[in-house]
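Following: one structure in structure tokens, then a few remarks.
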Amino acid sequence: MNAPFRLYGAELSPYSVKVRSYLRFKGVEFEWLQRTNARQDEFARFAKLPLVPVLVDADDNAMQDSTPMIEAIERQYAEPSITPDEPSLAFIAALLEDYADEWLNKAMFHYRWSYPDDQESASRRIVEMIFDGAEAPEGMADSVRTRMVGRLHHVGSSPDTAPIIEGSFNRALAAVEQLLGSKPYLFGGRPSLADFGLAAQFGQLLSDPTPGAILRAQAPKLVAWVERMNAPKAEGEFVRFSDVRDDLVGLLRDEVAGAYFIWAAANAAAVADDARGVAVEIAGQTFAQKPQRYAAKALAELKKKRAGVEDEALAALLAETGVDTVLQSANAPQREAADDDSDVNDDDGDEGGDEREE
């Protein structure tokens, strides 16, 4: 009998690994099918776009966006739940997952394709996955490397923006290390949506030479947590919002509001105006890139989720950290194109690419 789900993905795709970790936690039977050359025709049957992950159910219905995949399965399989009972903490989990998907991913892709050792490691691993034991054509790794380096602009990575991206990464790892404390997961004895999103990006960073060395030297709790998230288990219940409130301040103030939302708000405005580019000042330096429609759509969804939570303690934290300045601002009008098929490219591109490409 076939498993209820088939997950087409790649080891070097944070979004694929994110969904795989989630399915393992839920105890749902599934097949993990890497996107190899030999499996390309099979993959193409279900993929609207040539992107991973793709989740296919027993009736051959396919989904191609990691966050809705998780939300749909969570509705179908209630336990073990990844959603804290407190709406305030549940919203913070959704907020941090969005931050991981849309902003921390920039650091992941930047390190992987900006540094020679990381480029060599990633291109070699991608080729090994694609050919799955078969002999690859000569020069294939160099071809993959050239192609992926050429896509750095999709995440805004350049020599000029490198200090912003790397500074953000270092702040994030310190903040997550503090948030973990002595807990097995970010919010207590079981993983939340935030754990899956953040661990997926940090796991890729850990697998690459340059950021991996930084993480091992500076964030031992984070490293152990990433390894635990490969096959997470419920070890207890969620803590209370009040128990983690103070440990969230730095992450929300300096990273979500102080970096991600500065870019996200300007990006959403640029998408609404059909602008050719977006440039903002982060930490005293200019960050510029092509607007990303999916990120604008993600921010709009996050605003809807925020509007659905009325909680004084949450409101106080989000006001203190500056997060609500963006979340409670008027929604920028979204062009219809933001909802068409071109905006489904949530996750990874060809050959194990990891940027959110538009």
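Kindly provide the set of residues from segment 271-296 that are assigned to a helix (DSSP H, G or I) and closer than 18 Å to residue 98 by Cβ, ordered by number. Show your work before the answer.
Residues of segment 271-296 assigned to a helix (DSSP H, G or I): 271-272, 293-296.
Selection gives 271, 293, 294, 295, 296.
Residue-by-condition table, conditions (1) modelled with pLDDT of 95 or more; (2) within 23 Å of residue 81 (Cβ to Cβ):
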residue	(1), (2)
4	no, yes
7	yes, yes
13	yes, no
18	yes, yes
26	yes, yes
31	yes, no
36	yes, no
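Based on this model, can you work out whether residue 293 counts as in the same structural domain as residue 194 (by TED's automatic domain parsing) and free of Cβ contacts under 8 Å to residues at least 12 places away in the same chain?
On the way: in the same structural domain as residue 194 (by TED's automatic domain parsing): yes; free of Cβ contacts under 8 Å to residues at least 12 places away in the same chain: no.
Judged against the criteria, residue 293 is not a match.
Per-residue answers, yes or no, for (1) in the same structural domain as residue 62 (by TED's automatic domain parsing); (2) over 29 Å from residue 107 (Cα atoms); (3) surrounded by fewer than 18 Cβ atoms within 10 Å (Cβ to Cβ):
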site: 15; (1), (2), (3): yes, no, no
site: 19; (1), (2), (3): yes, no, no
site: 24; (1), (2), (3): yes, no, yes
site: 28; (1), (2), (3): yes, yes, yes
site: 34; (1), (2), (3): yes, no, no
site: 39; (1), (2), (3): yes, yes, yes
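In the set 262, 282, which member is more than 19 Å from the chain's Cα centre (by Cα), under 28 Å from residue 202 (Cα atoms), at pLDDT 75 or above and in the same structural domain as residue 112 (by TED's automatic domain parsing)?
On inspection, the qualifying residue turns out to be 282.
Just to be sure I understand the filter: pairs with C-beta atoms under 6 Å, separated by 6 or more residues or on different chains, first member in segment 107-122 and within 10 Å of residue 208 (Cβ to Cβ), second member basic (Lys, Arg) and assigned to a helix (DSSP H, G or I). Which pairs pass?
So the pair list comes out as 118/112; 119/145; 122/112.
Of all residues in segment 171-225, how many are assigned to a loop (DSSP other than H, G, I, E, B) and polar (S, T, N, Q)? Walk me through it before giving the result.
Step one: list which residues in segment 171-225 are assigned to a loop (DSSP other than H, G, I, E, B), which gives 181-184, 186-187, 189-192, 208, 219.
Now restrict to residues that are polar (S, T, N, Q): 182, 192.
The number of residues fulfilling the criteria is 2.
So, in segment 88-134, exactly how many residues are more than 16 Å from the chain's Cα centre (by Cα) and in a helix (DSSP H, G or I)? Spell out how you get there, then give the answer.
So the first thing to find is which residues in segment 88-134 are more than 16 Å from the chain's Cα centre (by Cα), and the list is 88-91, 113-134.
Next, from what is left, pick out any that are in a helix (DSSP H, G or I): 88-91, 113-114, 116-131.
Result for segment 88-134: 22.
Identify all residues within segment 262-285 that are among the polar types (S, T, N, Q) and closer than 21 Å to residue 302 by Cβ; write none if there are none. Don't jump to the end; show me each part of the working.
First, the residues of segment 262-285 that are among the polar types (S, T, N, Q): 267, 285.
Within segment 262-285, 267 is the sole residue that qualifies.
Can you spot a residue in segment 219-226 that is of a type in the set (A, V, I, L, M) and either more than 18 Å from residue 177 (Cα to Cα) or surrounded by fewer than 12 Cβ atoms within 10 Å (Cβ to Cβ) (or both)? Steps first, please.
Taking segment 219-226 first, the residues of a type in the set (A, V, I, L, M) are 219, 222-224, 226.
Adding the requirement that they be either more than 18 Å from residue 177 (Cα to Cα) or surrounded by fewer than 12 Cβ atoms within 10 Å (Cβ to Cβ) (or both) leaves none.
No: segment 219-226 contains no residue that is of a type in the set (A, V, I, L, M) and either more than 18 Å from residue 177 (Cα to Cα) or surrounded by fewer than 12 Cβ atoms within 10 Å (Cβ to Cβ) (or both).
Picking from 245, 216, which residue would you name as being touching a helix residue (DSSP H, G or I) at 6+ places or on another chain (Cβ under 8 Å), of a type outside the set (A, V, I, L, M) and closer than 21 Å to residue 324 by Cα?
Answer to the selection: 245.
What is the residue count in segment 112-151 for residues that are polar (S, T, N, Q) and either buried (at least 16 other Cβ atoms within 10 Å of the Cβ) or outside the structural domain of residue 290 (by TED's automatic domain parsing) (or both)? Before you say what the answer is, go through the steps one by one.
Just the residues of segment 112-151 that are polar (S, T, N, Q), to begin with: 114, 119, 121, 123, 143, 146.
Cutting the leftovers down to either buried (at least 16 other Cβ atoms within 10 Å of the Cβ) or outside the structural domain of residue 290 (by TED's automatic domain parsing) (or both) gives us 114, 119, 121, 123.
Number of matching residues: 4.
Please work out which one of (1) assigned to a helix (DSSP H, G or I); (2) closer than 24 Å to residue 295 by Cβ is the condition residue 49 fails and give its number.
(1)
Scan segment 299-309 and tell me whether some residue there is touching a strand residue (DSSP E or B) at 6+ places or on another chain (Cβ under 6 Å) and not in a helix (DSSP H, G or I).
Our first condition is that a residue be touching a strand residue (DSSP E or B) at 6+ places or on another chain (Cβ under 6 Å); within segment 299-309, this holds for none.
So far as segment 299-309 goes, no, none of its residues is touching a strand residue (DSSP E or B) at 6+ places or on another chain (Cβ under 6 Å) and not in a helix (DSSP H, G or I).
Of (1) over 27 Å from residue 80 (Cβ atoms); (2) in contact (Cβ under 8 Å) with a residue 24 or more places away in the chain; (3) crowded, with 18+ Cβ neighbours inside 10 Å, residue 280 satisfies all except one. Which?
Only one criterion is unmet by residue 280, namely (2).
The values are calculated or read from the model by the stated rules, or taken from the named source; none is laboratory data. These numbers were taken from a predicted model, which means no experiment stands behind them. Virtual Cβ from ideal backbone geometry, glycine too; neighbours counted across all protein chains shown.
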